[in-house]
Amino acid sequence: MDESLQELENELKTLQPRRAPARWLDQINRELAAELPASARPRYATATDLGSWKWLGWRTAALAAALALVATVGLINFRRPAPVAAPAVVAAAPTPATPAAAKAYEPVTASNVLYDLKDEGEVKLAGEASARQVRARYVDTYTWKNTRNNASIKWTVPRDEIRVVPASYNPN
Amino acid sequence: MEATHDQGTWKHWLEAHGPKLLLCARQWTRSLADAEDVVQEAFVRYWRHQRHLPGDPQALLITSIRRAALDHARRHARRTAREEKADGGLEERDCTFEAQPGEDADRRNEIESALQRLPAVQREVLVLKIWNELTFEQIGEALEIPANTAASRYRYALAALRKELKPACHG
């Protein structure tokens with residue numbers, strides 16, 4: 001910042017915002033003083049109140065999402081066909097260290113987006129068999145949420161999936 | 001800031017920080033009365049429900065004030081449009097800064113007018129940086145813009161002010 005801007009900045013800093021009117025402070029005082037006893041207070045005044053039903057709802061939703069995720073992953077693994085004779089691509093899932101604080105996080109969403117699908121042509125398998133190699137490119141996104149303080153972690157991973165499909169040629 | 005966490009000391013904290021918060025709210029409201037309503041609403045909500053949350057209370061309050069101001073503007077949009085039609089769109093112009101002994105009142109008025117002529121997006125960043133002493137990161141969070149954008153708006157605002165005030169101050 002050049003000197004004249006610095007000078008102007010310093011001049012602006014010397015100006016003091018107008019004092020808050022006393023009647024306004026009194027008004028806030030009255031409003032805070034008139035705070036209702038806990039029994040009479042509306043129970044679900046705000047979502048920032050951790051006892052609120054909204055948080056309960058989010059907790060339930062997070063739990064349901066986590067269960068749905070586990071069930072979906074289990075189902076996919078259960079139904080996955082035996083791999084064809086091709087180099088297997090294994091996405092090494094990192095095994096996160098789980099200190100006490102990390103246990104507070106629960107998975108809430110998992111999604112994947114297919115953004116590119118390319119036929120990479122013919123490949124030769126063992127035994128001179130022909131096959132076509134198809135590369136699918138995904139972005140996987142996983143979200144965990146800490147229900148105690150509403151912090152969240154989003155993990156976005158690019159993933160290439162290579163499928164080798166046996167091809168048979170019929171000259172007719 | 002820590003004072004806000006102790007019951008009964010909010011008044012001292014608000015006496016010290018209230019003027020800055022009001023000035024900040026004034027950037028997003030049509031009148032000082034609206035700014036007072038908005039800061040009151042945000043402060044009472046903060047004091048009742050959010051004062052135990054971690055982080056800088058002033059930054060949290062400014063975010064809360066901005067949201068309250070946007071809600072207030074939405075709630076009163078119809079009334080505002082009707083009033084503008086009736087009074088030709090005149091806004092209440094109130095004194096933003098405190099008069100101080102021995103100061104040049106003309107200069108203060110000149111700065112206030114120049115501030116009013118700044119684009120709103122530049123003025124809000126300037127107010128948050130100069131009088132609320134937030135960092136560009138905190139300003140970015142409060143306004144939901146990248147910190148770099150906040151920094152460049154700040155520089156544009158200062159440059160525009162310098163241009164406006166040049167004959168009086170830097171000529």
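Bear in mind these aren't lab numbers, they're just calculated from the coordinates by the rules spelled out. Predicted model only: the values in this text are computed from it and were never measured. Glycine gets a Cβ as well: all are built from the backbone with ideal geometry, and neighbour counts include every protein chain shown.
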Amide H contacts of A:V123 (H built 1.01 Å from N, under 5 Å, at least 5 apart or other chain): A:A131, A:R132, A:Q133
What does the structure give for A:21-33 when I average, per residue, the other chain Cβ atoms found within 10 Å of the residue Cβ? 4
Suppose R0 equals 35 Å; then what is the FRET efficiency for B:V44 and A:K154 from their Cβ-Cβ distance, rounded to the nearest 0.05? 0.60
Among B:K20, A:K154, which comes first, then next, by fewest other beta-carbon atoms within 10 Å? A:K154, B:K20
Summarise the partner chain shielding of B:40-50 as one whole number: the mean count of Cβ atoms from other chains within 10 Å of each residue's Cβ. 4
Over all residues in A:6-16, what is the mean tally of Cβ atoms on other chains that come within 10 Å of each residue's Cβ? 6
Förster radius 56 Å - calculated FRET efficiency between A:V70 and B:K11 (Cβ-Cβ, nearest 0.05): 0.65
